[in-house]
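What follows draws every value from the coordinates through simple rules; no lab data is involved. The model shown is predicted, which means the values in this text are computed figures rather than measured ones. Positions of Cβ are backbone-derived with ideal geometry, glycine not excepted, and every protein chain shown enters the neighbour counts.
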Amino acid sequence: MKAVGIVAVLVVVVLGVIYWSGGFTGKSPEEIAREFKVVAVAGTSWEKVADHMEPKEFQALSSVTMSTNSMTPGVSQPYRFNRAEFAQKYKSGAYKEGFIFNYYFSNNDAWAVEFDGSGCVVEGRPLPVLKDLFTLPSSH
């Protein structure tokens with residue numbers, strides 16, 4: 001019985017440490033997404049967006065020549081976001097075609113924020129999520 005009490009106290013202490021260190025925000029994923037989308041608007045710098053919320057991953061954009069008369073943008077595989085490494089590569093011109101930060105707020109809400117080569121938001125758009133797999137296309 002004494003062991004159960006000790007385990008219970010340890011669980012409470014660990015949860016308290018997680019809470020006070022910022023592990024729990026107290027906000028719903030919908031509220032977090034809403035607040036984020038207000039910050040990530042056209043013209044905002046990548047630094048300001050990342051200051052508000054760092055992405056879990058990003059993708060680099062590049063121009064891929066499809067024919068001699070047109071250029072089609074290419075998108076890299078997702079890379080884990082490490083701010084120091086990203087900033088260094090950005091300053092060296094590695095992302096001159098632009099990049100995308102991917103955010104996952106919940107199983108129902110994910111967002112891609114596209115930046116141009118100068119590091120400013122071009123647009124934000126929804127990413128496909130689990131619920132999209134089960135949604136039938138509407139016929140108009």
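Points to keep in mind about this one:
- Couplings 3J(HN,Hα) of region 113-125, computed from phi: 10, 8, 10, 7, x, 8, x, 10, 4, 9, 6, x, 8 Hz, in residue order, whole Hz [Karplus 6.51 cos²θ - 1.76 cosθ + 1.60, θ = phi - 60°; x for Gly and Pro].
- Förster radius 22 Å - calculated FRET efficiency between residue 123 and residue 38, Cβ distance, rounded to 0.05: 0.90
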